[in-house]
Amino acid sequence: MAGILGVVILALYGDRTPYYQNPITYEQSYTKLTPLGQAQQLQLGSYLRSEYLNPGSPSFISGVHADVIDDRQLLVRADNGGEGGAIVDSAVALLQGLFPPTPRSRTNLANGSTVIGPMGGYQYIPIESVEPEQSIQLEGWSSCPNFEKHVRAFYDSADFKMKSREAAPFLNAVKPYLYGIPNTLENMIYDYLHTNYIHNETYAFRLPPTFLQQAQAWVDYHEHGIFTGKNADGIGNIAGRTILPSVISSLERVANVADPLSLVVQEISYKPIISLFNITDVTERFPDLQGLPTYASALAFELRNNEEGETYIRTRFKNGTDGFETIHLFGHKDDIALNELLYRLDLTAVRDTAQWCRECGQRTERGCNLCRPNADIEIQDAGESPNENCAARFFGFMTSPYARVVAIAAFAGLALLGAAKLYRTRRVRLAGYDPLPTTNTIQVLWPPVYGTM
Ligand SMILES: *[C@@H]1O[C@H](CO)[C@@H](O)[C@H](O)[C@H]1NC(C)=O
Ligand SMILES: *[C@@H]1O[C@H](CO)[C@@H](O)[C@H](O)[C@H]1NC(C)=O
Ligand SMILES: *[C@@H]1O[C@H](CO)[C@@H](O)[C@H](O)[C@H]1NC(C)=O
Ligand SMILES: *[C@@H]1O[C@H](CO)[C@@H](O)[C@H](O)[C@H]1NC(C)=O
């Protein structure tokens with residue numbers, strides 16, 4: 001059998017500047033993808049390319065246009081929430097590794113001349129930026145009052161109190177390295193230590209050995225407690241449950257041979273990943289997956305047909321720069337049948353905004369004021385904006401063909417911005433990547449001479 005049917009990928013953003021999250025509401029401060037983060041994402045993109053777009057790879061997607069992209073085969077979405085542009089920028093950088101510039105991105109004109117796209121054939125790929133005000137899918141936990149109750153209950157639990165006492169000696173010892181940040185277990189001091197440890201030489205030299213590892217163990221405990229729940233369909237798992245409809249509809253579309261879609265990438269924060277591992281029972285057998293995933297990690301659901309033509313899902317996880325490792329969902333010892341997976345995921349999915357508003361106890365924000373209670377209106381065209389109703393109706397323009405053209409133009413601009421940034425960091429050498437153009441080439445090709453927009 002040649003190749004796989006396709007793959008649905010959840011990718012985590014790369015290295016970013018320090019940021020602060022409110023320990024109760026998880027409201028986030030601004031953060032920015034760093035050049036290191038850009039390089040990590042580009043590397044992730046190249047790795048995914050070598051897995052899925054390289055005809056020599058066992059996981060090559062059959063029928064995919066691996067060189068010059070066919071937009072209909074690829075869907076890219078990125079969380080555009082509180083982190084500023086860090087996640088959307090991560091998607092831009094990832095795509096540059098996944099579909100690098102190629103001189104084959106060219107067109108022959110009637111007068112016999114050939115034009116190669118700007119910057120050596122840069123590929124302009126639309127990215128859907130998912131705004132939390134318009135969709136609950138990629139940020140299901142924010143502005144969710146019942147989730148805040150769950151967070152408070154976790155901090156009030158006997159286990160958390162016991163862990164706080166256990167952590168106290170470390171939290172006291174680390175105080176001089178926090179410069180005024182409260183040294184409580186509720187507060188996620190790890191991000192401050194970690195980002196400074198990476199970016200500040202003085203700090204990295206001064207921080208005593210094991211402090212970073214200790215902080216990581218505590219943040220792993222903390223984030224697991226917050227973003228999971230005893231019940232897979234409970235409020236603790238809201239981050240995973242709200243992303244599920246997009247995963248389900250992506251799997252369905254990729255499995256459908258009449259639909260050209262074969263590669264889906266959703267760039268997200270770490271919260272849905274922690275929750276999904278809990279929902280799919282992965283952490284029982286792979287306890288390492290309980291904590292905070294490393295920057296530029298990726299979770300891939302690969303669709304494969306067996307000899308009888310039945311579709312199975314192989315799930316693989318890539319921890320930062322490590323390679324993919326196969327993990328098994330729902331206690332299975334092998335790949336899981338697509339139908340079983342869809343059935344099980346569907347049991348916990350938060351299908352639409354109306355359901356989210358009810359489960360969160362939210363009435364006013366994030367489109368909930370537009371939802372009539374108990375009005376579950378099915379959206380027929382799952383391909384466009386799956387399982388959204390009230391918000392989707394209000395922001396109906398988002399899915400109109402005209403808006404798509406505007407959005408594609410906007411994202412082409414955004415992607416170009418990413419290209420410009422990347423161009424400045426081109427000394428990072430990565431395998432499988434066409435050489436980037438010199439300044440001269442850019443000047444010749446950009447701005448384009450014949451704009452008819
Ligand atoms: C061919 O057409 C393009 C676009 O109109 C123009 O820029 C280019 O100079 C033409 N080439 C020749 C050889 O006429
Ligand atoms: C780096 O860390 C040192 C020591 O902790 C601190 O004094 C300094 O302000 C930090 N530099 C920056 C740019 O944050
Ligand atoms: C999911 O997380 C809860 C804690 O929130 C834990 O009790 C449960 O065992 C976890 N489930 C799995 C499969 O790890
Ligand atoms: C991922 O890698 C980091 C650092 O390389 C390590 O600390 C962590 O345990 C790994 N996590 C998993 C799930 O393998």
>> Normalised radius of gyration for segment 145-226, please: alpha carbon Rg relative to 2.2 N^0.38 Å, two decimal places.
In response: 1.15
> Between A158, Q214, P169, whose Cα lies farthest towards the positive end of the dipole of segment 145-226 when Lys and Arg beta carbons carry +1 and Asp and Glu beta carbons carry -1, centred on the Cα centre?
Replying inline: P169
>> Whole angstrom only: what separates the Cα centroid of segment 72-140 from the Cα centroid of segment 154-211?
In response: 38 Å
> Could you give the dipole magnitude of segment 114-255 about its Cα centre, charging the beta-carbon of Lys and Arg +1 and that of Asp and Glu -1, in debye to the nearest 20?
Replying inline: 420 debye
> Of the peptides 75-81, 25-31, 145-151, how do they stack up when ordered by the mean number of other Cβ atoms within 10 Å, highest first?
Replying inline: 75-81, 145-151, 25-31
>> Please compute the per residue accessible area over segment 285-365 with all protein chains in place, 1.4 Å probe, rounded to a whole number of Å².
In response: 48 Å²
> With Cβ to Cβ distances under 12 Å as the rule, what net charge do the other residues near A349 carry (K, R +1; D, E -1)?
Replying inline: -1
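The values are calculated or read from the model by the stated rules, or taken from the named source; none is laboratory data. Just so we're clear, the structure is a prediction, and the values are computed from it rather than from any experiment. Using ideal geometry, Cβ is built from the backbone for each residue, glycine included, and neighbour counts are taken over all protein chains shown. Areas reflect the complete protein model, heavy atoms only, side chains present, ligands, DNA and RNA absent. Shrake-Rupley method; radii C 1.70, N 1.55, O 1.52, S 1.80 Å.
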